[in-house]
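Enquirer: Right, I'll just put the structure down here and ask away after.
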Amino acid sequence: MDALVEFFGLADSLKLLSLSPPGWGSNLLRGLLHSLQIAFGAFGLGLIIGLFGACGKLYGGPVLRDLLAIYTTVIRAVPELVLILILYYAGSDLINKAAEAMGYDRVEINGVIAGIWVLGLVQGAYATEVLRGAIQAVPPGQIEAARAFGMPPLLLMRRVTVPAMMSFATPGLANLWLIATKDTALLAIVGFNELTLETRQAASSTRAYFTFFLAAGALYLMVTLGSGVVFGWIEKWSRRGQPSLREGRR
Amino acid sequence: MTGLRALLQPHRLILMAVFAAFVIWCAYALRWDWLPKYAPLAVEGLWTTIWLLVVTSVLGMLLAIPLGMAQAIGPWYLSAPARAFCTIIRGTPLLLQIWLFYYGLGSLFPQFPEIRNSELWPYLRQAWPYAVLALTLSYAGYEGEVMRGAFAGVDKGQLEAGRAFGMSRVTVFRRIWLPLAVRNVLPTLGGETILQLKATPLVATITVMEIYAVSSRVRAETFIVYEPLLLLAVAYLLVAGVITLLFSRWERRGSGARAPGATTATTGQAATKP
């Protein structure tokens with residue numbers, strides 16, 4: 001191991017990446033933790049918004065459907081970076097105005113919470129479309145049968161629609177999760193200390209740009225590949241008992 | 001005329017009235033006095049955005065075709081690197097890639113006197129070559145994956161028919177395989193191009209003056225927060241609308257003999273890229 005390090009001249013890089021204070025490794029890991037926190041929160045919030053949005057688009061009245069169409073179209077056509085700025089400024093402005101109106105002092109917005117809200121709203125628009133497609137792919141007879149047996153809507157959702165649509169939704173949701181992890185990097189622009197910003201700070205104060213950016217890239221890649229494996233399991237689990245799609249097609 | 005009747009439903013009329021009221025309120029209640037001063041800069045920025053989008057999409061597509069080809073039918077020593085490239089590009093944030101190229105290569109190049117004295121140096125000192133490089137590689141990474149599926153999805157009988165008519169391998173590729181593959185994934189490519197449009201504001205962080213950078217400059221110089229951002233969102237909506245129109249026109253032009261069900265596989269894939 002030591003000989004390998006010696007051979008590639010990596011000793012300096014390893015020193016920079018070490019976890020103890022002269023190295024910046026712990027900063028990077030803290031950034032990764034923040035990124036993952038936000039990604040989890042935003043993905044979860046997006047799923048909740050998406051589930052309600054999909055139901056609203058499929059079963060709601062004409063007004064609700066039009067409003068949801070505007071929401072998903074606008075969110076998907078405007079760059080995330082611009083949305084983050086608008087929602088970030090507008091959100092903190094509104095909260096501060098509300099706080100002042102109620103007689104409190106101005107509040108500092110917690111970066112993690114703000115990031116989760118902003119990215120969650122963005123994710124919600126994509127999740128609405130993914131889940132709507134998945135619900136539509138469920139044979140309508142199954143849902144009608146449940147209705148005919150007098151299942152109330154929430155029970156129907158929990159016992160029939162969600163389990164039946166899981167296998168159709170998992171690939172799209174896996175994509176959304178990857179987008180969530182990568183979109184956390186955009187919060188660097190509003191000055192939130194997630195992995196990309198931590199990396200840039202470490203890189204610009206040590207001038208070792210390649211070392212840190214490649215290390216951060218490796219961290220992101222580990223998260224991506226790891227979640228690919230996990231989503232593979234989930235997909236297999238959600239397909240249990242169904243005939244293989246591959247054999248059916250050709 | 002069904003389109004017009006659908007628009008004239010009562011709730012849609014009310015929604016449109018609310019929207020018009022919002023627009024009028026924006027026009028009167030918000031500050032737009034900065035607009036004349038910054039309008040030329042904004043037009044220039046919009047032009048830079050569109051230029052970046054077109055150049056990187058075309059270059060990226062040219063790279064994506066061999067990448068998809070290598071993954072679809074290449075031997076392992078071509079398909080493995082192509083797959084690794086696509087995985088790495090798709091697995092890391094674009095912002096990180098842009099910063100890696102700009103700060104990393106930008107700090108590496110000046111150390112070599114050969115590069116500093118070369119003809120290219122005046123360009124390499126600017127930011128836009130790095131922006132073009134990063135955006136092109138990103139588009140190629142995502143599209144390489146799309147093209148792999150597209151090439152693999154073309155009916156083998158079509159290619160065999162071409163060979164049977166005595167076409168050379170290159171002609172079969174140029175006249176049959178590539179057009180069929182591209183036609184089948186045109187809806188996906190349209191979605192990916194909109195995603196590429198949404199990726200362009202990231203290059204503002206490395207000092208390329210496109211439309212997003214112009215709006216940040218207005219915000220920094222005049223302390224007006226919402227107005228430039230609203231206008232910016234509208235500009236992106238318009239460009240995205242134009243892209244959608246262009247691609248739907250291409251799709252209609254090439255859809256004469258489309259196999260039934262070919263479109264169903266590609267819907268809902270717009271969400272593949274951050």
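The values are calculated or read from the model by the stated rules, or taken from the named source; none is laboratory data. In this text the structure is predicted, and so the values were computed from the model without any measurement. A quick note on method: Cβ atoms are made from the backbone with ideal geometry, for glycine too, and the neighbour counts reach across all protein chains shown.
Enquirer: Given B:ALA181, B:ALA240, B:ALA213, which one is farther than 30 Å from A:TYR88 by Cβ and in contact (Cβ under 8 Å) with a residue 12 or more places away in the chain?
Expert: Sole residue among the options that is farther than 30 Å from A:TYR88 by Cβ and in contact (Cβ under 8 Å) with a residue 12 or more places away in the chain: B:ALA181.
Enquirer: Just to be sure before I move on: is A:ALA134 farther than 28 Å from B:THR207 by Cβ, at pLDDT 90 or above and more than 22 Å from the chain's Cα centre (by Cα) in the structure I sent?
Expert: Against the criterion (farther than 28 Å from B:THR207 by Cβ, at pLDDT 90 or above and more than 22 Å from the chain's Cα centre (by Cα)), A:ALA134 does not qualify.
Enquirer: Here's another thing I want to ask about it. B:LEU137 - would you say it is within 17 Å of B:ILE89 (Cα to Cα), assigned to a helix (DSSP H, G or I), of a type outside the set (Lys, Arg) and without any contact (Cβ under 8 Å) to a residue 60 or more places away in the chain?
Expert: So B:LEU137 does not fit the description; no.
Enquirer: Ok, one more. Please enumerate the residues belonging to the range A:182-210 that are assigned to a helix (DSSP H, G or I), touching a residue at least 24 places away in the same chain (Cβ under 8 Å), buried (at least 21 other Cβ atoms within 10 Å of the Cβ) and in contact with a Ser or Thr (Cβ under 7 Å, 6 or more places away or on another chain).
Expert: Scanning the range A:182-210 gives A:THR184, A:ALA185, A:LEU195.
Enquirer: Considering each of A:ILE116, A:ILE84, A:ILE143, A:ILE135 in turn, give the residue that is touching a residue at least 60 places away in the same chain (Cβ under 8 Å), farther than 30 Å from A:PHE192 by Cα and among the hydrophobic types (A, V, I, L, M, F, W, C).
Expert: Within the list A:ILE116, A:ILE84, A:ILE143, A:ILE135, the selection yields A:ILE135.
Enquirer: Sticking with this structure for a sec: So B:GLY157 clears everything in (1) crowded, with 19+ Cβ neighbours inside 10 Å; (2) within 14 Å of another protein chain (Cβ to nearest Cβ) except one condition, right? Which one?
Expert: Condition not satisfied by B:GLY157: (1).
Enquirer: Specify the residue that is farthest from the other protein chains (Cβ to nearest Cβ); the eligible residues are those in the range B:103-137 that are crowded, with 17+ Cβ neighbours inside 10 Å and over 18 Å from B:VAL55 (Cα atoms).
Expert: By that ranking, first place goes to B:GLY106.
Enquirer: Please count how many residues of the range A:87-140 are more than 25 Å from A:VAL190 (Cβ to Cβ) and part of a loop (DSSP other than H, G, I, E, B).
Expert: So the answer is 4.
Enquirer: Looking only at the range A:61-75, decide whether some residue is of a type outside the set (Phe, Trp, Tyr) and under 18 Å from the mean Cα position of the chain (by Cα).
Expert: Looking through the range A:61-75, at least one residue is of a type outside the set (Phe, Trp, Tyr) and under 18 Å from the mean Cα position of the chain (by Cα).
Enquirer: Residues A:GLY53, A:GLY23, A:GLY61: which one is on the phi < 0 side of the Ramachandran plot and at the interface with chain B (Cβ under 10 Å from one of its Cβ atoms)?
Expert: Among A:GLY53, A:GLY23, A:GLY61, only A:GLY61 is on the phi < 0 side of the Ramachandran plot and at the interface with chain B (Cβ under 10 Å from one of its Cβ atoms).
Enquirer: What tally of residues in the range A:116-165 results from selecting those that are surrounded by fewer than 19 Cβ atoms within 10 Å (Cβ to Cβ) and among the charged types (D, E, K, R)?
Expert: Residues flagged as surrounded by fewer than 19 Cβ atoms within 10 Å (Cβ to Cβ) and among the charged types (D, E, K, R) within the range A:116-165 amount to 4.
Enquirer: How many residues does the range B:58-102 contain that are within 10 Å of another protein chain (Cβ to nearest Cβ) and free of Cβ contacts under 8 Å to residues at least 40 places away in the same chain?
Expert: Final tally of qualifying residues: 6.
Enquirer: Just give me the residues in the range B:138-154 being within 12 Å of chain A (Cβ to nearest Cβ) and among the hydroxyl-bearing types (Ser, Thr, Tyr), in sequence order.
Expert: B:SER138, B:TYR142
This table checks each residue for (1) touching a helix residue (DSSP H, G or I) at 6+ places or on another chain (Cβ under 8 Å); (2) at the interface with chain B (Cβ under 10 Å from one of its Cβ atoms).
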position	(1), (2)
A:MET157	yes, no
A:PRO171	yes, yes
A:LEU219	yes, yes
A:ARG240	no, no
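Enquirer: Separate question: Taking the conditions exactly as written (part of a helix (DSSP H, G or I), hydrophobic (A, V, I, L, M, F, W, C) and under 30 Å from the mean Cα position of the chain (by Cα)), does B:LEU13 satisfy them or not?
Expert: Answer is no for this residue.
Enquirer: Looking at B:SER107, B:SER79, can you tell me which residue is modelled with pLDDT of 90 or more, farther than 19 Å from B:VAL234 by Cβ and touching a helix residue (DSSP H, G or I) at 6+ places or on another chain (Cβ under 8 Å)?
Expert: When all the criteria are applied, what remains is B:SER79.
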